[in-house]
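Written out below as structure tokens is the structure these notes cover.
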Amino acid sequence: MTYNKLTEVHLDALREVSNVGMGHAATALSQMVGETIYLHVPQVTLTDIMNVPDLLGGPEQVVVGVTLQVRGDARGNILLVFPRESAEQLVCHLLGRCPHDDLFDEMGISTVKEVGNILASSYLGAMSSLLDLSLIPSIPALANDMAGAVIDFLLIELSEEGDQALMIETEFHGNSPDEKLIRGHFFLLPDPASLEVIIDAVGGLNDNT
Amino acid sequence: MTIRERVGISEYRIASSPQELVTYGLGSCLGVTIYDPESKRGGLAHTLLPKPRPGMDTSRKSKFVETAIRLMVEELVERGAALDCLEAKVFGGANMFESLQGEGGKSIGERNIDCARETLADLGIVITAEDVAGNFGRTLVFALATGKVTVKSVREGRKELEF
């Protein structure tokens, strides 16, 4: 299945499934940081790979990206993008101390990776049981750099198949009153070859209801 | 005022002095400039993959290192550049995530770099500067007036460099 064959109904289904997954992920993050995490309505965007960096806030914005591959019945990539200040905030919050100069020392990196791991696992866990598919996250990898550079390996992977990217995206943020918001974007980028598996599973879901 | 034109991912552009070509946030992607010092005209490509493999969608030739270089060279020669005067510079091809090293082999960044070197050697074009590999992103500003390329990075301890 290629991206071009996706109908509005398919996109709606993907949005809904992602909403459920993200709900679980937000709950996990809330428990971790001890504050409510709010979610925006998920967006499903089918776009030229050329536009992806701009959708992430611009190719030169400095971000911390955590990426995990999805393996199992369907394949794809998960990407978690935090603006640099948010990642710092998250690390301070979770470690109970702020690293002085170099935020991304071993502990900082480990902490952000673990957040990615927990979010991805709860997201995929919810999606797995909803769709009756086996979806397993890989070990997380982290990069702290310009958004364009952090994500281009994903675009490279997608460009082997075509020139388009399907992004299922949710923006989330905390509610701390002191301006230091934790915010970030969660992306699922399914491989074109795996779309059919997901759409089929969603179809099965609709039949039962 | 200098006109600055942006080159997006999987694109290439040709421009001439006093224009500037800019491309943002190269990670594993490869940026290649070809410059003709005579006419002060040149091209910048932001490529993703080395070369088309059988069965690959090749409708957008400029996303491949090999075809983007050949297209830029063709266009410059068509506009009057002498092939043996052209100078090339190669940037990017980083490996942003240490753990995503290609399975038992070269990373995509390295394969892109190799492909650029091979293609340019094949065309007989000299590489006059390279700033490749590493694990950080690069933004390129290519000034057609001088042929110089400014490389910006946000990595600490690395300043703006000119090639």
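The values are calculated or read from the model by the stated rules, or taken from the named source; none is laboratory data. Predicted model only: the values in this text are computed from it and were never measured. Glycine gets a Cβ as well: all are built from the backbone with ideal geometry, and neighbour counts include every protein chain shown.
Taking A:E35, is it of a type outside the set (S, T, Y), under 18 Å from A:L181 (Cβ atoms) and in a loop (DSSP other than H, G, I, E, B)? So that I can check it myself, show each step before the final result.
Numbers: of a type outside the set (S, T, Y): yes; under 18 Å from A:L181 (Cβ atoms): yes; in a loop (DSSP other than H, G, I, E, B): yes.
For A:E35, the condition - of a type outside the set (S, T, Y), under 18 Å from A:L181 (Cβ atoms) and in a loop (DSSP other than H, G, I, E, B) - is met.
Mind listing whichever residues of segment B:1-20 are touching a Ser or Thr at 6+ places or on another chain (Cβ under 8 Å), more than 14 Å from chain A (Cβ to nearest Cβ) and assigned to a strand (DSSP E or B)?
Across segment B:1-20, the qualifying residues are B:S16, B:E20.
Results for (1) in contact with a helix residue (DSSP H, G or I) (Cβ under 7 Å, 6 or more places away or on another chain); (2) within 14 Å of chain B (Cβ to nearest Cβ), shown as yes or no for each residue.
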site: A:E114; (1), (2): no, no
site: A:N117; (1), (2): no, yes
site: A:S121; (1), (2): no, no
site: A:P137; (1), (2): yes, yes
site: A:P140; (1), (2): yes, yes
site: A:A147; (1), (2): yes, yes
site: A:L154; (1), (2): no, yes
site: A:S159; (1), (2): yes, yes
site: A:Q164; (1), (2): yes, yes
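Quick one: B:A88 ticks every box in (1) more than 20 Å from A:G148 (Cβ to Cβ); (2) not in a strand (DSSP E or B) except a single one, so which number is it?
It is condition (2) that B:A88 fails.
How many residues, within segment B:112-163, are assigned to a helix (DSSP H, G or I) and more than 14 Å from the chain's Cα centre (by Cα)?
Matching residues across segment B:112-163 total 3.
Just the residues that are under 13 Å from the mean Cα position of the chain (by Cα) and under 14 Å from A:A26 (Cα atoms), please, taken from segment A:110-126. Please lay out each step first, then the result.
Here is the first cut: in segment A:110-126, the ones under 13 Å from the mean Cα position of the chain (by Cα) are A:113, A:115-124.
Within segment A:110-126, A:V115, A:G116, A:N117, A:I118, A:L119, A:A120, A:S121, A:S122, A:Y123, A:L124 qualify.
Answer yes or no as to whether A:A13 is within 19 Å of A:D132 (Cα to Cα) and out of contact with any strand residue (DSSP E or B) (no Cβ under 9 Å at 6 or more places or on another chain).
Against the criterion (within 19 Å of A:D132 (Cα to Cα) and out of contact with any strand residue (DSSP E or B) (no Cβ under 9 Å at 6 or more places or on another chain)), A:A13 qualifies.
Anything in segment B:21-48 that is part of a loop (DSSP other than H, G, I, E, B) and either surrounded by fewer than 24 Cβ atoms within 10 Å (Cβ to Cβ) or away from chain A (no Cβ under 14 Å) (or both)? List them, or say none.
Within segment B:21-48, B:P37, B:E38, B:S39, B:K40 qualify.
Does segment A:146-166 contain at least one residue that is surrounded by fewer than 21 Cβ atoms within 10 Å (Cβ to Cβ), in a strand (DSSP E or B) and either aromatic (F, W, Y) or at pLDDT 90 or above (or both)?
No, segment A:146-166 has no match at all.
Conditions: (1) within 10 Å of another protein chain (Cβ to nearest Cβ); (2) more than 28 Å from B:L49 (Cα to Cα); (3) of a type outside the set (D, E, K, R). A:G184 meets all but one. Number of the miss?
(1)
Condition check ((1) in contact with a Ser or Thr (Cβ under 8 Å, 6 or more places away or on another chain); (2) charged (D, E, K, R); (3) exposed (fewer than 15 other Cβ atoms within 10 Å of the Cβ)) across all residues:
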position	(1), (2), (3)
A:L6	no, no, no
A:L11	no, no, no
A:T36	yes, no, yes
A:L46	no, no, yes
A:D73	yes, yes, no
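Within segment B:49-89, work out how many residues are in contact with an Asp or Glu (Cβ under 9 Å, 6 or more places away or on another chain), within 14 Å of chain A (Cβ to nearest Cβ) and among the small types (G, A, S).
So the answer is 3.
Please enumerate the residues belonging to segment A:40-84 that are away from every other protein chain (no Cβ under 13 Å) and assigned to a loop (DSSP other than H, G, I, E, B).
Result: A:H40, A:V41, A:P42, A:D73, A:A74, A:R75.
Which of the numbered conditions does B:M56 fail, given that it passes all the others? Conditions: (1) at pLDDT 95 or above; (2) at negative phi.
(1)
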